[in-house]
Amino acid sequence: MKHSKRRRLTSEDFNKALERSSTERIYGYGSLEDMLFRNTTTKEGDIFYVEDKEIGLRELAMNVAIPTDPGQRTVKAHWLPIEGSQPAQQNAGRANSVSEGGAVRHPLSDVCLSYYEQITKAVLGDEEQCGRVALSDLKTNPRFLPYWRIL
């Protein structure tokens with residue numbers, strides 16, 4: 001502070017000093033307002049400190065703004081198309097094509113439908129090892145993560 005001929009030390013001054021001494025900067029302590037440092041001289045040297053502001057707890061507690069209610073809370077549900085179709089409903093989310101029987105069909109790729117059929121056969125089949133492999137693949141396959149987040 002002697003070289004800059006100032007009486008106020010900023011957090012940027014402190015970070016520059018740390019940088020020059022090959023020490024990592026301190027993050028999160030910047031301030032838009034200047035901190036007023038006081039100094040006291042002792043026989044060991046100068047001590048710089050920030051003078052604390054006195055705060056009345058009663059006034060602080062009484063002046064706290066209570067948050068207002070943001071309004072009604074709602075929950076919306078959306079059908080997930082298993083086997084490529086779902087019941088007809090309004091606001092299904094995407095443009096849908098209505099098929100016979102009143103069911104709404106979402107266009108799933110042939111690969112997804114084939115995968116679903118193979119997993120279903122493996123899980124419901126008699127071979128226990130095949131079922132374990134299928135469930136393990138369902139658990140770790142990153143292609144189906146968007147579907148599992150919805151569930």
Report summary line: Sorted by chain and then number, the residues having a modelled amide H within less than 5 Å of the amide H of residue 37, at least 5 places away or on another chain, are 9
Query raised in the report: What net charge is computed for the residues neighbouring residue 125, neighbours being all others with C-beta under 15 Å from the C-beta of residue 125, Lys and Arg scored +1, Asp and Glu -1?
Result: -3
Report summary line: Summing +1 per Lys or Arg and -1 per Asp or Glu among the other residues with Cβ less than 13 Å from residue 15's Cβ gives -1
Query raised in the report: Given a Förster radius of 22 Å and the C-beta distance between residue 41 and residue 14 as r, what FRET efficiency does 1/(1 + (r/R0)^6) yield to the nearest 0.05?
Result: 0.60
Report summary line: Along segment 117-125, Karplus-curve 3J(HN,Hα) (6.51, -1.76, 1.60; θ = phi - 60°) to the nearest Hz, with x for Gly and Pro, reads 5, 5, 5, 4, 4, 5, 6, 8, x
Query raised in the report: Using 0.36 nm per residue, how much length does the chain from residue 112 to residue 62 gain when fully extended, once their Cα-Cα distance is taken away?
Result: 12.0 nm
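Each value in this text was obtained by applying a stated rule to the coordinates, not by laboratory testing. As the structure is a computational prediction, the values presented were derived from the model and not from experiment. Methodologically, a virtual Cβ is constructed for each residue, glycine included, from the backbone with ideal geometry; neighbour enumeration extends over all protein chains shown.
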